[in-house]
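Here's the structure we're looking at; comments come further down.
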Amino acid sequence: MNTTNPIILVLYYSRHGKTRRLAELIAQGIESVRGMEARLRTVPAVSTVAEATEPDIPSAGAPYVELADLDECAGLALGSPTRFGNMAAALKYFLDGTSAQWLSGTLSGKPAAVFTSTGSLHGGQEATLLSMMIPLLHHGMMVMGLPYTQPELMTTESGGSPYGATHWAGVDNKRPITEDEKRLAIALGRRLAETSRTLQGMA
């Protein structure tokens, strides 16, 4: 990608499309900040069958992430659906392979944020957000959430957390992203980009 703008990597795993939609809204917030660019990337699914493989290019959504994306980013938004109060195995598998970046400090000092979606309203959203923060803290990243200056945190009847952007998808995955969820996701992307811009010393 030929660009001179700082890049915020929006890295996600999405099974049914709702986490992907949150990622797109966060990217929208990032690109609302002058001089900042979002890079959407995903990870392939993992399988219990050793011979099973994913195609090199996903059939839909963002391209698969490469370790070089971590080197090139000025910040990171990390997203996953909830799996029993934890991030999905596919995202954890990718993060488990970033030891070289941890040893070299590739991500140290860069800002980061997290986001998730769940089938049930109390399906472990905040536990999942916290689980994604742990490897980011080990990488030396500066993890940020959403402040209560975002009024939607006090009014939402769906997703939304001070720990990050969330969506309540419903057990059938048919609940649309609400206006509160949408505004909070965009605000998270904007806040991440503004912080990165300040750290870059951009006027």
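From the phi angles alone, apply the Karplus equation (6.51, -1.76, 1.60; θ = phi - 60°) to the range 58-63 and give each ³J(HN,Hα) in whole Hz, x where the residue is Gly or Pro.
x, 6, 8, x, 6, x
Which of the peptides 127-137, 19-29 is most tightly packed, and how do the rest follow, judged by the mean count of other Cβ atoms within 10 Å per residue?
Packing order, densest peptide first, comes out as 19-29, 127-137.
Calculate how many DSSP beta bridges within the range 1-141 are antiparallel, expressed in % of all such bridges and rounded to the nearest 5.
5 percent
Would you please report the Å³ per residue occupied by the convex hull of the alpha carbon atoms in the range 58-104?
In the range 58-104, the Cα convex hull volume per residue is 106 Å³.
Once you have a ≥ b ≥ c as the square roots of the Cα gyration tensor eigenvalues for the range 121-163, tell me rounded if a/c is under 1.5, and otherwise prolate or oblate according to whether a/b is larger than b/c.
Details: a/c = 5.77, a/b = 1.57, b/c = 3.68.
Judged from the Cα gyration tensor, the range 121-163 comes out oblate (a/c at least 1.5, b/c at or above a/b).
Work out how much length V171 to I57 would gain on full extension: take 0.36 nm times their residue separation and subtract the Cα-Cα distance, in nm to one decimal.
Once the chain is fully extended between V171 and I57, it gains 38.2 nm.
Using a ≥ b ≥ c from the Cα gyration tensor of the range 73-154 (square roots of the eigenvalues), is it rounded, prolate or oblate, where a/c under 1.5 gives rounded and otherwise the larger of a/b and b/c decides, a/b for prolate? Show your work: numbers first, answer last.
Working: a/c = 2.89, a/b = 1.34, b/c = 2.16.
Taking the square roots of the gyration eigenvalues as a ≥ b ≥ c, the range 73-154 is oblate.
Where does the chain land at 222 nm, in deg cm²/dmol rounded to the nearest 500, when only DSSP H runs of n ≥ 4 count, each adding -39500 (n - 2.57), divided by all residues?
-10500 deg cm²/dmol
Normalised by the residues of the chain, what does the relative contact order come to in percent, with Cα pairs under 8 Å and at least six apart? Kindly include the intermediate steps, with their values, before the conclusion.
On the way: 415 pairs, mean separation 51.6, N = 203.
That works out to 25 percent.
Which residues' amide hydrogens lie under 5 Å from the amide hydrogen of V114, considering only partners 5 or more residues apart or on another chain, with H built in the peptide plane?
L78, A165
For the chain, with a Gaussian network of springs between Cα atoms less than 10 Å apart, report the residue from T42, T155, T166 with the top mean-square fluctuation.
Sorting by GNM fluctuation, first place goes to T155.
Using R₀ = 45 Å, calculate the FRET efficiency as 1/(1 + (r/R₀)^6) where r is the Cβ-Cβ separation of S104 and Y148; round to 0.05. It would help to have the intermediate numbers written out before the result.
Numbers: r = 36 Å, r/R0 = 0.81.
Efficiency for this residue pair is about 0.80.
What shape does the range 16-132 have by the C-alpha gyration tensor, where a ≥ b ≥ c are the square roots of the eigenvalues, rounded means a/c under 1.5, and otherwise prolate means a/b greater than b/c and oblate the rest? Don't skip to the end; give the middle numbers.
Working: a/c = 1.34, a/b = 1.12, b/c = 1.20.
Note, shape of the range 16-132 comes out rounded.
Read-outs: derived from the displayed coordinates by stated rules, not from any lab. What you see is a predicted model; the values in this text were computed from it and never measured. For neighbour counting, all protein chains shown are included, and Cβ atoms are generated from backbone atoms with ideal geometry for every residue, glycine included.
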